[in-house]
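The values are calculated or read from the model by the stated rules, or taken from the named source; none is laboratory data. These figures come from a predicted structure and were not determined experimentally. All Cβ positions, glycine included, derive from the backbone under ideal geometry; neighbour counts span all protein chains shown.
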Amino acid sequence: MSQKICVVSFDHWGYDKYIVNTLNSLKHVSHHIKIDGYKHANISDRLTNTISKIFTGKNLKKRRRQEYIVEELDKIGYQDQILVINPELIDLDFHLKIKKRTSKYIAYLYDSLERCPIEHLLDGVFDEIFSFDTNNINNFGFKGITNYIYLPQNRSPQNIIYDAVYIGSYDDRFQQLLKMAKILKDKNLKYKFIIIGKPKHINPLKKLHSDYIDFDSKKIKQKDVLQLYNSSEVIVDLVREQQAGLSFRFFEALALNKKVITNNKNVINYQFYTKNNIALTNNIPVDFFSKHYKPIPDEIYHKYTLKNWVTTVFNLETN
């Protein structure tokens with residue numbers, strides 16, 4: 001039976017739209033409300049918000065964004081299910097308003113509670129909370145699910161340029177990445193490591209480390225990220241502190257048939273893990289870069305697809 005399902009999120013990296021597309025392909029009526037869909041009406045509106053933040057500490061734009069969610073829900077009508085991704089971005093009073101507009105209210109956490117706390121939302125706000133972080137699942141009783149493969153599987157030969165590629169934001173992973181870059185350079189391996197950050201953070205680093213790492217202040221488009229991944233034998237994944245779940249890099253690698261080097265030791269507990277395709281940073285085999293990617297069995301691959309993800313999260317009937 002077809003359901004009306006709405007996804008509410010910021011969708012910073014463009015992943016969440018694929019959830020909606022998949023639901024629609026399965027003949028459900030699905031909508032996506034992007035939290036940043038609200039824009040200031042004019043310069044005066046923007047100025048009012050700035051003054052409010054300075055003198056009252058209140059962010060009017062944040063509140064209007066949340067009002068925008070409720071307004072959009074009223075336009076599309078009562079929903080069978082609503083999924084909120086990263087619920088910490090919405091205040092409790094608006095969560096309760098949203099919940100009145102659905103039969104089932106669900107949350108999915110893209111990050112750990114240590115990084116994005118939601119303890120104030122744990123007392124009866126959501127009917128179900130899903131998380132990819134194994135520590136949070138064990139400690140808070142969340143329903144466990146990984147991130148997902150949102151790309152079509154690509155087994156076509158690619159024009160390989162690099163041995164390894166990494167693209168990520170400037171944060172506490174930088175020193176780990178720099179250490180790896182120096183090792184790869186010493187081994188005469190060709191790699192492309194890109195750090196994205198604000199000029200005030202990356203400009204001093206650029207002067208010191210531009211021989212090893214590229215720096216950019218502009219966000220790279222998703223299609224360009226995937227193109228770089230496709231041009232490499234290996235995708236490098238470095239987990240942030242206080243995170244135990246697997247990033248989207250693993251699932252992009254599965255779709256693109258790419259090997260992965262990671263510092264996330266938890267990966268060995270997942271069904272798609274093989275020593276041929278995945279190496280830990282503290283134990284990279286000498287021949288890892290020369291080995292070809294070994295495709296995983298279809299039945300395991302399917303478990304990590306977005307179709308299986310939406311079927312699980314929304315408890316949908318399958319044909």
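The set of residues in the range 112-157 being among the β-branched types (Val, Ile, Thr) and more than 16 Å from the chain's Cα centre (by Cα) consists of Ile118, Val125, Ile129, Ile137.
Could you list, in sequence order, all residues of the range 127-148 that are without any contact (Cβ under 8 Å) to a residue 40 or more places away in the chain, buried (at least 19 other Cβ atoms within 10 Å of the Cβ) and part of a loop (DSSP other than H, G, I, E, B)? Result: Phe142, single match.
The number of residues in the range 212-251 being closer than 20 Å to Phe289 by Cα and part of a helix (DSSP H, G or I) comes to 8.
Can you tell which of Ile296, Ile278, Ile284, Ile261 is out of contact with any helix residue (DSSP H, G or I) (no Cβ under 8 Å at 6 or more places or on another chain), surrounded by 12 or more Cβ atoms within 10 Å (Cβ to Cβ) and of a type in the set (Val, Ile, Thr)? Before you say what the answer is, go through the steps one by one.
Values: Ile296 fails: out of contact with any helix residue (DSSP H, G or I) (no Cβ under 8 Å at 6 or more places or on another chain); Ile278 fails: out of contact with any helix residue (DSSP H, G or I) (no Cβ under 8 Å at 6 or more places or on another chain); Ile261 fails: out of contact with any helix residue (DSSP H, G or I) (no Cβ under 8 Å at 6 or more places or on another chain).
Going through Ile296, Ile278, Ile284, Ile261 in turn, just one is out of contact with any helix residue (DSSP H, G or I) (no Cβ under 8 Å at 6 or more places or on another chain), surrounded by 12 or more Cβ atoms within 10 Å (Cβ to Cβ) and of a type in the set (Val, Ile, Thr): Ile284.
The residues on offer are Lys143, Lys61, Lys104, and the sole one that is touching a His at 6+ places or on another chain (Cβ under 8 Å) and not β-branched (Val, Ile, Thr) is Lys61. Residue-level check: of (1) touching a Lys or Arg at 6+ places or on another chain (Cβ under 6 Å); (2) surrounded by 17 or more Cβ atoms within 10 Å (Cβ to Cβ); (3) of a type outside the set (Ser, Thr, Tyr), Asp80 misses just (2).
Out of (1) free of Cβ contacts under 8 Å to residues at least 40 places away in the same chain; (2) within 24 Å of Thr311 (Cβ to Cβ); (3) outside the structural domain of Lys75 (by TED's automatic domain parsing), the odd one out for Leu151 is which? Of the numbered conditions (1) free of Cβ contacts under 8 Å to residues at least 40 places away in the same chain; (2) within 24 Å of Thr311 (Cβ to Cβ); (3) outside the structural domain of Lys75 (by TED's automatic domain parsing), the odd one out for Leu151 is (1).
Per the conditions (1) more than 19 Å from Ile160 (Cα to Cα); (2) of a type outside the set (S, T, N, Q); (3) touching a strand residue (DSSP E or B) at 6+ places or on another chain (Cβ under 6 Å); (4) not in a strand (DSSP E or B), the sole criterion not satisfied by Leu254 is (1). Taking (1) in contact (Cβ under 8 Å) with a residue 12 or more places away in the chain; (2) aromatic (Phe, Trp, Tyr); (3) assigned to a loop (DSSP other than H, G, I, E, B) in turn, Tyr273 satisfies each apart from (1). Only residues that are loosely packed, with under 11 Cβ neighbours inside 10 Å and among the acidic types (Asp, Glu) were counted across the range 198-223, and they come to 1. Within the range 46-88, restricting attention to residues that are outside any helix (DSSP H, G or I) and modelled with pLDDT under 95, the residue that is farthest from Gln3 (Cα to Cα) is Thr56. Looking across the range 89-126, the residues that are part of a helix (DSSP H, G or I), surrounded by 15 or more Cβ atoms within 10 Å (Cβ to Cβ) and either at pLDDT below 95 or polar (S, T, N, Q) (or both) come down to Leu89, Leu121.
Those residues that are of a type in the set (A, V, I, L, M, F, W, C) and in contact (Cβ under 8 Å) with a residue 40 or more places away in the chain, I need them from the range 167-206; list them, please.
Going residue by residue through the range 167-206, those that are of a type in the set (A, V, I, L, M, F, W, C) are 167, 174, 177-178, 180-181, 183-184, 189, 193-196, 202, 205.
Hits for the range 167-206 are Ile167, Leu177, Met180, Leu189, Phe193.
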